[in-house]
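Heads up: the structure comes next, in structure tokens.
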Amino acid sequence: MRRFLVPLIAMLIFVMLWEWLVWFNEWPNYKMASPSDLGPAFWKYRILFFSFGWDTLWRTVVGLLLSIFFGVFLGMIMGFSKIIQEGLYPLLIGFNAIPKATIVPILALIFVGQHDFNTVLIAFLISFFPIAVSVSIGLSTLEPEYRDILRALGASKFTIFWKIALPKTLPEFFGALKVAVTLAFIGTNLMEIVSPHGRGLGALFDSGKTNSDYPLMFAVLIALAILGILLYYMVVFLERTFAGWADQLSR
Amino acid sequence: MIEFDGVYHKFSTKTSELQVLKNLSFYVPKSGFSAIIGPSGCGKSTVTKLVAGLIKPYNGRVLLNGEMVQTPRSNIGMAFQNPVLLEWRNILQNVMLPLEIVKNNLTDLQKKERARELLNLVGLIEYENNRPSELSGGMRQRASLCRSLIHQPEVLILDEPFGALDAFTREDLWLTMSRLRETGSFTCLIITHDIREAIFLADEVIVLSGRPATNQFSIKTEKENNDNLDQLYTPHSTKLLNILREQIKLARKNEMVER
């Protein structure tokens, strides 16, 4: 009971303060929105919220799936081959150091008009790095004895990877996936905001900005928060399903 | 049977070469049980890797049943000081792991039966559904022993398997080990730094010199039975213990002179 009540009261106090601030300063809607404006904004644009929310969601998920495949593959070859690791690491770090907001206009220009593709691509580019690094570290730090028990029986490299290395890396992988899902979500929204004639919640936010429609902008923020939480718990659910044993280990 | 015939081995690093084995020869007969003891860092673990075919000798021959060991083969079981159980599997699944690698015609039920037989033998039958982290160090090591024997290997290699356990648990595991030996028929090579363990378990104790290791001394233990710990305190065992202690001292002294 207390677990629900305390956060709920805190949230209520926050919303009341916000409402009071707007009311006290007599800010009009083109300057700032109050919480009581959000309901009508949601209702007014309800169809757009659902269809654009869906756009943002599926683009993020597809981008994340791509970065899982690519990240795991990259991490795998880096984890198994010292030479590949030495060659790719500086490249990866350099690429990761570039703020992705600067990639957005470049992609938007190169693939002009291909809005879905652009958005998925940026979600992917921004989120594969932590996955690749965690998988490669997980594999390269595998204790030699683990490998030896199977190798001594004549097991192939793939069998060792599948039976031991991969499951043993799963906890690190899911740790990275929690970071990656947030990053992919950021990437999706970046592209949706920047790319013209876009769809998705980012585009809705942008049109709110253009019209100084603060209630709409704040309503989008709330919708994004809900979507972000949803995505995060999707990963948590997968983690519990596939790497629940590691959870018991740390207790 | 295991045979080392004039085996040399060295590790090369960027700057230097480290010779670990030098003209090492010994012989473990079929169904025999030999222990290798020696100063720490003398290359004992290298011996296990050579038998398993995980590394190749620099020079000389390693033979299993008269055949040169070139690559890993499925008729070997291994256990290390670290039990290396897989945390995402329960004990039964951990024990059955080698059967997923080694070719066999067993049905799932037969595999389980065989695993349970072994678990019963080492007293872990009630824990088959537990995760490794829920077991004590000694119990994990028992499970590791079961895993190393599940595919009925001809050769069992133990690399300081009880090294990390407390004295009482270790003695319990010695008894478990001799029980396992009675029921199975495998040739066993144990690497250890515990002289009493070597005397209790093995038919022959081989003492390696300090690095680079070569055979310095070997002695047959010649015991009557292996079913209790009392035999460790007979005059015969005490005599063996003293002889072996002297040999280890000698090995360490020579090593210090050489360095």
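The values are calculated or read from the model by the stated rules, or taken from the named source; none is laboratory data. None of these values were measured; they are calculated from a predicted model. With ideal geometry, Cβ positions are generated from the backbone for all residues, glycine too; neighbour counts draw on all protein chains shown. Heavy atoms of the whole protein, side chains included, go into the accessibility calculation; ligands, DNA and RNA do not. Shrake-Rupley method; radii C 1.70, N 1.55, O 1.52, S 1.80 Å.
Some notes on this structure:
- Candidate set: region B:112-124, residues that are in contact (Cβ under 8 Å) with a residue 40 or more places away in the chain and part of a loop (DSSP other than H, G, I, E, B); chosen: the one surrounded by the fewest Cβ atoms within 10 Å (Cβ to Cβ): B:GLY123
- Residues (within 16 Å of B:GLU128 (Cα to Cα), out of contact with any helix residue (DSSP H, G or I) (no Cβ under 6 Å at 6 or more places or on another chain) and more than 12 Å from every other protein chain (Cβ to nearest Cβ)) located in region B:73-117: B:ASP108, B:LEU109, B:GLN110, B:LYS112, B:GLU113, B:ARG114, B:ARG116, B:GLU117
- Test result for A:ALA33, at pLDDT below 95 and part of a loop (DSSP other than H, G, I, E, B): yes
- First in region B:187-205 and open to solvent by 10 Å² or more (accessible area, probe 1.4 Å), second anywhere and basic (Lys, Arg), Cβ under 9 Å, 6 or more apart: B:HIS193/B:LYS44; B:ASP194/B:ARG170; B:ILE195/B:ARG245; B:ASP203/B:LYS220; B:ASP203/B:LYS223; B:GLU204/B:LYS220
- Pairs, first within 16 Å of B:GLN93 (Cβ to Cβ) in region B:128-139, second in a helix (DSSP H, G or I), C-beta under 6 Å, six or more apart: B:GLU128/B:ILE91; B:GLU128/B:LEU92; B:GLU128/B:LEU119; B:ASN130/B:ILE91; B:PRO132/B:ARG140; B:SER133/A:LEU249
- Within region A:105-116, being out of contact with any helix residue (DSSP H, G or I) (no Cβ under 9 Å at 6 or more places or on another chain) and in a helix (DSSP H, G or I) holds for A:ILE106, A:LEU109.
- Single residue of region B:125-179 satisfying the filter (polar (S, T, N, Q) and part of a helix (DSSP H, G or I)) that is nearest to B:LEU63 (Cα to Cα): B:SER148
- Residues located in region A:141-165, provided they are within 11 Å of another protein chain (Cβ to nearest Cβ), in a helix (DSSP H, G or I) and surrounded by fewer than 17 Cβ atoms within 10 Å (Cβ to Cβ): A:PRO144, A:GLU145, A:THR159, A:TRP162
- Looking across region A:191-208, the residues that are in a helix (DSSP H, G or I) and surrounded by fewer than 21 Cβ atoms within 10 Å (Cβ to Cβ) come down to A:ILE193, A:VAL194, A:ASP206, A:SER207.
- Single unsatisfied condition, B:GLU128 versus (1) away from every other protein chain (no Cβ under 13 Å); (2) within 23 Å of the chain's Cα centre (by Cα); (3) open to solvent by less than 60 Å² (accessible area, probe 1.4 Å): (2)
So that you can scan it fast, the table gives a plain yes or no per residue for (1) in a helix (DSSP H, G or I); (2) among the β-branched types (Val, Ile, Thr); (3) surrounded by fewer than 13 Cβ atoms within 10 Å (Cβ to Cβ); (4) at pLDDT below 90:
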{"position": "A:LEU5", "(1), (2), (3), (4)": "yes, no, yes, no"}
{"position": "A:ILE9", "(1), (2), (3), (4)": "yes, yes, yes, no"}
{"position": "A:ASN29", "(1), (2), (3), (4)": "no, no, no, yes"}
{"position": "A:GLY53", "(1), (2), (3), (4)": "yes, no, no, no"}
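- Residue in region B:213-225 that is within 23 Å of B:GLY123 (Cα to Cα), open to solvent by less than 60 Å² (accessible area, probe 1.4 Å) and either in a helix (DSSP H, G or I) or not hydrophobic (A, V, I, L, M, F, W, C) (or both) present: no
- Among the residues listed as B:ILE37, B:ILE76, the single one being farther than 28 Å from B:LEU240 by Cβ, surrounded by 15 or more Cβ atoms within 10 Å (Cβ to Cβ) and of a type in the set (Val, Ile, Thr): B:ILE76
- Region A:166-184, subset among the hydrophobic types (A, V, I, L, M, F, W, C) and open to solvent by 20 Å² or more (accessible area, probe 1.4 Å), residue farthest from the other protein chains (Cβ to nearest Cβ): A:LEU183
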